[in-house]
Amino acid sequence: MIVALLLGREGSVGFPGKNTAPVLGRPMMAYPLLAARHANSVDEVYVSTDSSTIREIAKEYSASSIDRPPELCTATALGEDAYVHGYKHIRDVLKKDIELMVLLFCNGATITAQTIDEGIEVLRRDPTLDSAVTVSRYNMWSPLRARQVGPDGLLRPFVPVETFGDPKTLNCDRDSQGDVWFADMSVSIVRPHCLDALHEGVLPQKWMGQRIYPLKQWGGLDVDYEWQVPQVEFWLRKHGFSEKKTPYDVDGLADKKL
């Protein structure tokens, strides 16, 4: 069985209500729900949350809810621990025999069913892989360009420039260090052992394990601030979504009726 698990909690400091904020006329979380529900290989969809509003939206999109414990709903709680809790609930309490977990965020709208199915096929084809995750190329955010404010209040390199090689060979061109890929948090498709042995995974997202296959896309992100919503709407329109339709609609059926 392949199970999708979304995370979404009530509280958010940077963007209150981000998980249910309207995006092209639908709540933000509708998009990962639609992708999971329309992926051919996904059997069941769950949402781990402490929010009654999120539970209601999950139900509208034919997803079941898992009660997320209060200690995993704080601003400092780690998503990896919430994923492990949800996974163990599905496995131990609901007695599901799980082949793969499709891990999503309610504020990660830049995902399609096609990409989920692609990742599942990759893992089925190569049993040596731990996970398949979406990545987007953001060369403008190369570690070489990263800065921090020092004790003197002035900018300095976040990582010593020498880390990247001979400073005489480096320059300010955003592509000078080659392509820079970020895990964009749209989806992580993982084998159960990644969650059973979370401590063995690679930082910063230990749930991905160690052998991680990149599902390349563009413009992917999880929304933490309101100003990111226009980028998400641009991405969704480019992928066939609008206020009136989704790429999953068939014969005019409403997108929630699955």
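The values are calculated or read from the model by the stated rules, or taken from the named source; none is laboratory data. On a predicted model such as this, the values are computed, not experimentally measured, just so you know. Please note: Cβ atoms are built from the backbone with ideal geometry, for glycine as well, and neighbour counts cover all protein chains shown. We work out accessible area using only protein heavy atoms, side chains counted, and drop any ligands, DNA or RNA first. Shrake-Rupley method; radii C 1.70, N 1.55, O 1.52, S 1.80 Å.
Under a 5 Å amide H cut-off, with hydrogens placed 1.01 Å from N, Leu215 pairs with Val133, Thr134, Val135 among residues at least 5 apart or on other chains. Compute the Cα gyration tensor for the range 76-145, then decide on rounded, prolate or oblate, letting a ≥ b ≥ c be the square roots of its eigenvalues: rounded whenever a/c is under 1.5, prolate when a/b is larger than b/c in the other cases, and oblate in all that remain. Since a/c reaches 1.5 but b/c is at least a/b, the shape of the range 76-145 is classed as oblate.
Dipole orientation for the range 1-151: of the candidates Val149, Thr115, Leu7, Val149 has the Cα lying most toward the positive pole (charges on Cβ; Lys, Arg +1; Asp, Glu -1). Put Trp235, Trp141 in order of accessible area, highest first, and with a 1.4 Å probe you get Trp141, Trp235. Rank Thr128, Thr169, Thr53 by mean-square fluctuation in a GNM of the chain with C-alpha springs under 10 angstrom and give only the top-ranked residue. So, out of Thr128, Thr169, Thr53, the one fluctuating most is Thr169. When the chain is treated as a Gaussian network with alpha carbon springs shorter than 10 Å, the biggest mean-square fluctuation among Cys194, Cys172, Cys73 belongs to Cys172.
Close amide-amide hydrogen proximity is noted between Ile66 and Val47, Ser48, Thr49, each under 5 Å apart and 5 or more residues distant or on a separate chain (H modeled in the peptide plane; Pro and chain starts excluded). Per the Cα gyration tensor, the chain maps to an equivalent ellipsoid with semi-axes of 31, 22, 20 Å, ordered largest to smallest. Size of the range 54-104: Rg and Dmax of its alpha carbons, in Å, are 11.9, 32. For the range 1-88, list log₁₀ I(q)/I(0) at each q in 0.10, 0.14, 0.21, 0.25 Å⁻¹, using the Debye formula over Cα point scatterers of equal strength and ignoring solvent, two decimals each. Cα-only, vacuum Debye calculation for the range 1-88: -0.23, -0.46, -1.03, -1.35. Alpha carbon centre of the range 68-88 versus the range 189-204: separation in Å? Cα centroid of the range 68-88 versus Cα centroid of the range 189-204: 15 Å apart. Simple spin-label estimate for Glu200 and Cys172 gives 4.7 nm between the two label positions (7 Å along the Cα-to-Cβ direction from each Cα). Lysine pair count for the chain with Cα-Cα distance under 15 Å and sequence separation of 8 or more or different chains is 7.
If the chain linking Ser242 and Met1 were pulled fully straight, counting 0.36 nm for each residue of separation and taking away their Cα-Cα distance, it would gain 83.6 nm.
All C-alpha pair distances within the range 112-156, sorted into 10 Å bins from zero, spread as 21, 27, 20, 18, 14, 1 percent across the bins.
The phi torsions of the range 172-180, fed into the Karplus equation with coefficients 6.51, -1.76 and 1.60 and a -60° offset, translate into couplings of 8, 4, 5, 9, 5, 9, x, 5, 10 Hz, rounded to whole numbers, with Gly and Pro shown as x. With everything on Cα atoms, drop me the angle between helix 229-238 and the longest principal axis of the chain, reported from 0 to 90° to the nearest 10. Once rounded, one gets 70 degrees. Evaluating 6.51 cos²θ - 1.76 cosθ + 1.60 at θ = phi - 60° for every residue in the range 124-138, the Karplus couplings come out as 5, 7, 10, x, 7, 7, 8, 7, 10, 10, 6, 9, 10, 8, 10 Hz, glycine and proline recorded as x.
Computed over the chain, relative contact order equals 24 percent, with contacts defined as Cα pairs under 8 Å that lie 6+ residues apart. Dipole magnitude for the chain: computed about the Cα centre from +1 point charges on Lys and Arg Cβ and -1 point charges on Asp and Glu Cβ, it is near 320 debye. In order along the range 37-47, phi translates into HN-Hα couplings of 5, 9, 5, 4, 8, 8, 8, 9, 10, 10, 10 Hz, rounded to whole numbers, per the Karplus curve 6.51 cos²θ - 1.76 cosθ + 1.60 with θ = phi - 60° and x for Gly and Pro. Note on Trp141 and Lys95: the extension gain reaches 12.3 nm, defined as 0.36 nm multiplied by sequence separation minus the Cα-Cα distance. Taking every DSSP bridge with both residues inside the chain, close to 40 percent are antiparallel. Estimated from helices alone, the mean residue ellipticity of the chain at 222 nm is -6000 deg cm²/dmol (sum of -39500 (n - 2.57) over DSSP H runs with n ≥ 4, per residue).
The base-10 log of I(q)/I(0) for the range 136-255, evaluated at q = 0.14, 0.19, 0.23 Å⁻¹, reads -0.91, -1.19, -1.25 [Debye formula, identical scatterers on Cα atoms, solvent excluded].
Which number do you get for Rg(Cα) / (2.2 N^0.38 Å) in the range 168-215?
It is 1.56.
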